[in-house]
Each structure stands twice: as structure tokens, then as C-alpha cells.
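What follows is a set of notes on a single structure, which appears directly below.
The values are calculated or read from the model by the stated rules, or taken from the named source; none is laboratory data. Please read these numbers as outputs of a predicted model, since none were measured by experiment. FYI the Cβ positions are ideal-geometry reconstructions off the backbone, even for glycines, and counts take in every protein chain you see.
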Amino acid sequence: MIEVDENDLMRCPICGAVNIDKGNKNICRRCGSNIYKHRNFSTEKSWAYLITAIIMYIPANLYPILITNQFGQAEGSTILGGVVLLWEHGSYPIALVIFFASIMIPVLKFLILFYLLISVKYPLGNDKKVSKHKLYYMTEVIGPWSMIDVFVVAILAGLIHLSNISIVAGTAATAFAISVFFTLLAAHAFDERLIKEKL
Amino acid sequence: MKLENEDVLDRFVICHQCYTLHEEIPIKDGSHACCTGCGGILYRYDTRLVDHGLALSMTGLVFFVLANAFPLVEIELLGVGQFLTIPKTIFSLFASGFYIVGIICAFLIFIFPLMIFLINTLLFTLLKFRVGTKLSKELLVLLAYITPWSMSDIFLVSILVSLVKLIGYAQIHMGVAFWALMVFVLIDLYLVKYIHLSEIWMLRKRIILKEAIK
């Protein structure tokens, strides 16, 4: 017989099995993987990824993401410029999709991860108005959708390369792809057990 | 809470959305159990999961090959026809010097979806013939690592978005691969997002127990 406190039970992030928290080194009894082994610096990894992502997000917005070569004239458009252009042309749904995918979702994700990372260190938002586990789950679900813009650029660049008109990707495409990549890593590196709402 | 040994913990399940602890109860075949806290699905019970999984992962592979071998869209711009396939999307990024984006895209829309379906086919075959319990464990762990990085569904939406951008400039014809990709994404959504990995773990445990009784 083992006596366990319910708060000591945790979920393996890999296979979802319920495990007993034994302190510093936890190996999942079902899949054998390490469960967040870096307990001494639990949030630092996530912080590092998040800051990298935010830094990469700056050039992603400043440089052109799409360069259109039309009859010898090169014209670049940034993420925000592309949204404005689409809005002016009257394709509101697509403008909204791009706006949500490349501006709203990344910024929202930065803010949520920021909030989560701060709130696990300092007593913040423990009044249970918004479930932090749900916030975290939401970032994991909506996060990948910001890749839409990168894929759109890749598709347009692959589709249109005539001698007169061609579209090539811009510097921002690289920066944006790296930014999204690092936000995803930051979300995965976040230790869900640090959220202690039930205490 | 008192437990006899660690294996009893298999009777419990923690909701992956809101982290509430639940005790598993037997449910009817084909139904699912929901979390009391957030309403998210905790687990399902499907006696024919092996057959369903094997059939779907093999179908998915066929459609994946179709989606990659044929053109996704064909456009006519200034009287010149152009077409696009998934490999061409990736190679054109490499050709224009965007190696990082090219590598990221190659993994997200080609390598990971292919790997997931190959692993699933192998996994369900192993479970079907009740062999290789060690290998099936490794495959399930690998699957958990790569599942969040497969983005075929997002790629499909991106195709639609970029086509809407092109409306008015060019004539657009949908290719065979577009419909194949659509079917592939539907199967991918069902197999990867709808069926939780923990259900396959539970299935694996049932099969091991059954073998042990024999």
C-alpha cells in the first residue's frame, strides 16, 4: 500500500499516464520518458525560447514578407501592409484570416506565455477567474495556425515565377517562420505542473 | 488516497485540458467519457480501434502519395500555364535561397505527416498481430513527439487563402492532388487529433494483458 496525496499526481506530457511526483527525477512508469527533468531551472528554458521568438518577431514585421517583381519593378509588402492591401481590395475574410494568423495569434501567444511564466513564480491571478490550464491548452491549439502566412508565401512563390511577373519570399518569411518555431518550442517547454491552482 | 501499487494508477486519468483528476469508469462501446470540469473528452472506448486505425492509416498513406504526386492547383497567368505540387513548393523555397524556411516547411508539411502515417501503419499492424510490445512502446513515444509538428491541415487552409489572393489575376483550376490532400487532412484530423494517444496506450495494455492470460 502506498499513501499518495492527490496533488502529487501528475500527467506524463508524452503518453498521458498518471504518475506519482517523486521529487527531482521522475520517469514515467508507462512510456519511460523523463518528465520535466530540469526542475532546478524549470521556467528558464521556456523564457529563453519565448524571448528568442519575440526578438525574431520584430524583423518579421519590419522587413517585406513578399516581394512582387512585376515587369522589372520589385515591390515588397510587409505582413501588416499585406493585410491593409487586402482590406482595401475588399477581400475582408482573407484580410481577417491573415490578420488573426500572423498578428493576433503570435501576440496573444506571447502575452499568454508571459503571463503564465510570471504567474508561476509570483502569486498572480490565483483567483481562478480564468483557468490557466485552459489558457495553456489554448496556446497549444492555436499556436501552429500562425504558420499560415509562411505557407501562403511559399505557395505563391512556388506558383508564380514567370519572366514578367514573379513572387519571391522576403526576409521576413525566414524571421517569421523562426519566430513561430520558437513560440511552439516555448509552449512545449513550459512545465504544466507549475500551475498550482488547487492549492 | 491509498493505492495498492503504481499500476493501479492506470485507473485514473488527468484531463489534458484542465488537469482535473478523474477515475476511469467502464463505458459503452463506441462512446466517450467527458471531463466534469471543462467538458473535454477524456477517453473513448472502441473495441475495434485496431481495425479502424490500421484501415485509416493505410488509406491516409495512399492519399498522401496522391497528394504529392499530382498538381495541387493549376493557374493560367498571362496565357502561361503554371502548376504547383507539394514537393515543388518546398524546392522553390530552396531554389530562391530560403533554406531555413524550406527546411521548416519540408518537415511540417512533408516529413512529419508521412512519418506519422508510416508509424501509425506499423503500430496498428504490430497491435493487430500482437507482436513487438517493446517496439510499439518506442513508436508511441516517437509519435507523441512529432504529432504537434504535423501541419497538413494548416497547409490546406493556406492553399485556399493564397488562391483567394490570386482571384482576379489568374485563372485557377483545382488539381487532383488538392482533393487528395483534402481527404488526407480529414483522415489526419480523425486519426491524429480525434483519437488520443492515451487510447492507443490503453489498447496496448489490454492486448498485453490478454496475451499474458493466454
One residue from B:150, B:162, B:158 being at the interface with chain A (Cβ under 10 Å from one of its Cβ atoms), touching a residue at least 12 places away in the same chain (Cβ under 8 Å) and small (Gly, Ala, Ser): B:150
Residue that is farthest from residue A:157 (Cα to Cα) [pool: residues in segment A:54-91 that are at pLDDT below 85 and surrounded by fewer than 14 Cβ atoms within 10 Å (Cβ to Cβ)]: A:90
Candidate set from segment B:6-22 (those that are over 17 Å from residue B:197 (Cα atoms) and more than 7 Å from chain A (Cβ to nearest Cβ)); member that is modelled with the lowest pLDDT: B:7
Some residue of segment A:166-174 being in a helix (DSSP H, G or I), touching a helix residue (DSSP H, G or I) at 6+ places or on another chain (Cβ under 9 Å) and not aliphatic (A, V, I, L, M): yes
In segment B:144-164, the residues that are part of a helix (DSSP H, G or I) and under 30 Å from residue A:17 (Cα atoms): B:144, B:145, B:146, B:147, B:148, B:149, B:152, B:153, B:154
One residue from B:39, B:30, B:81, B:97 being assigned to a loop (DSSP other than H, G, I, E, B), without any contact (Cβ under 8 Å) to a residue 60 or more places away in the chain and in the same structural domain as residue B:192 (by TED's automatic domain parsing): B:97
Condition met for residue A:97 (over 16 Å from the mean Cα position of the chain (by Cα) and in contact (Cβ under 8 Å) with a residue 40 or more places away in the chain): yes
Among (1) touching a strand residue (DSSP E or B) at 6+ places or on another chain (Cβ under 8 Å); (2) at pLDDT 85 or above; (3) over 26 Å from residue A:70 (Cβ atoms); (4) small (Gly, Ala, Ser), the one test that residue B:177 misses: (1)
Residue count, segment B:160-181 (criterion: surrounded by 13 or more Cβ atoms within 10 Å (Cβ to Cβ), of a type outside the set (A, V, I, L, M, F, W, C) and within 15 Å of residue A:152 (Cβ to Cβ)): 2
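Conditions (1) assigned to a loop (DSSP other than H, G, I, E, B); (2) on the phi > 0 side of the Ramachandran plot; (3) more than 9 Å from chain B (Cβ to nearest Cβ); (4) modelled with pLDDT of 85 or more, marked per residue:
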position	(1), (2), (3), (4)
A:126	yes, no, yes, no
A:130	yes, no, yes, no
A:145	no, no, no, yes
A:153	no, no, no, yes
A:176	no, no, no, yes
A:179	no, no, yes, yes
A:182	no, no, yes, yes
A:186	no, no, yes, yes
A:199	yes, no, yes, no
Subset of segment B:165-180 (residues that are within 12 Å of chain A (Cβ to nearest Cβ) and in a helix (DSSP H, G or I)): B:165, B:166, B:178
Residue check for residue B:101: of a type in the set (A, V, I, L, M), farther than 22 Å from residue A:144 by Cβ and touching a helix residue (DSSP H, G or I) at 6+ places or on another chain (Cβ under 9 Å): no
Where residue A:190 falls short, out of the listed (1) in contact with a Lys or Arg (Cβ under 6 Å, 6 or more places away or on another chain); (2) buried (at least 22 other Cβ atoms within 10 Å of the Cβ); (3) under 30 Å from residue A:26 (Cβ atoms): (1)
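Let's see how each residue does on (1) within 24 Å of the chain's Cα centre (by Cα); (2) more than 30 Å from residue B:125 (Cβ to Cβ); (3) buried (at least 16 other Cβ atoms within 10 Å of the Cβ):
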residue	(1), (2), (3)
B:5	no, yes, no
B:16	yes, no, yes
B:27	no, no, no
B:37	no, yes, yes
B:52	yes, no, no
B:57	yes, no, yes
B:70	yes, no, yes
B:79	no, yes, no
B:84	yes, yes, yes
Segment B:86-104, residues that are buried (at least 17 other Cβ atoms within 10 Å of the Cβ), more than 7 Å from every other protein chain (Cβ to nearest Cβ) and closer than 25 Å to residue B:171 by Cα: B:86, B:90
So residue A:119, is it at pLDDT below 90, out of contact with any Pro (no Cβ under 8 Å at 6 or more places or on another chain), of a type in the set (Ser, Thr, Tyr) and in a helix (DSSP H, G or I): yes
Verdict on residue B:189 being surrounded by fewer than 16 Cβ atoms within 10 Å (Cβ to Cβ) and under 26 Å from residue A:11 (Cβ atoms): yes
Some residue of segment B:105-128 being surrounded by fewer than 22 Cβ atoms within 10 Å (Cβ to Cβ), at pLDDT below 90 and assigned to a loop (DSSP other than H, G, I, E, B): no
